[in-house]
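Working notes, structure below.
The values are calculated or read from the model by the stated rules, or taken from the named source; none is laboratory data. As the structure is a prediction and not an experimental result, all values here were calculated from the model. All Cβ positions, even for glycine, are placed from backbone atoms using ideal geometry, and neighbour counts span all protein chains on display. Ligands, DNA and RNA are excluded from the accessible area calculation, which covers all protein heavy atoms including side chains. Shrake-Rupley method; radii C 1.70, N 1.55, O 1.52, S 1.80 Å.
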Amino acid sequence: MLGIDKTNISTSFGRIIRNLRKAANLSQEELAFEADLQRNYISLIELGKNLPTIHVILKIGNALNIPAHRIVKMLEDQLTQEASMGTAMGTKRKKG
């Protein structure tokens, strides 16, 4: 089971959203417009400063033409990979 660390989740989620946005050739402003969100909110998500609600994930997914469940699966896969890398390197993950 994954150790749940809100900071790690926020950072990983933000990185995923940034990569998906760039792959779609959208600026933060364009993604915000398509998702009916503020550009600074997209920026805060990408920086890992805000962890969006399910509603916002659905809006972002819709704007990127990617189902929200795929975005969540990407996050789960990323966290699993990071946790296994931490275990392989002998580091301890904080639980909580």
Fill in the blank from the handout: Per the filter on the range 1-25, residues open to solvent by 40 Å² or more (accessible area, probe 1.4 Å) and closer than 20 Å to P67 by Cβ are R15, R18, N19, K22, A23, A24, N25
Handout entry: Residues (on the phi < 0 side of the Ramachandran plot and within 10 Å of the chain's Cα centre (by Cα)) located in the range 31-49
Key = I45, E46, L47
Fill in the blank from the handout: Within the range 33-51, restricting to residues that are open to solvent by less than 40 Å² (accessible area, probe 1.4 Å), out of contact with any Leu (no Cβ under 9 Å at 6 or more places or on another chain) and of a type outside the set (S, T, Y), the one that is nearest to N8 (Cα to Cα) is G48
Handout entry: Total residues in the range 52-71, condition of a type in the set (A, V, I, L, M, F, W, C) and open to solvent by 60 Å² or more (accessible area, probe 1.4 Å)
Key = 2
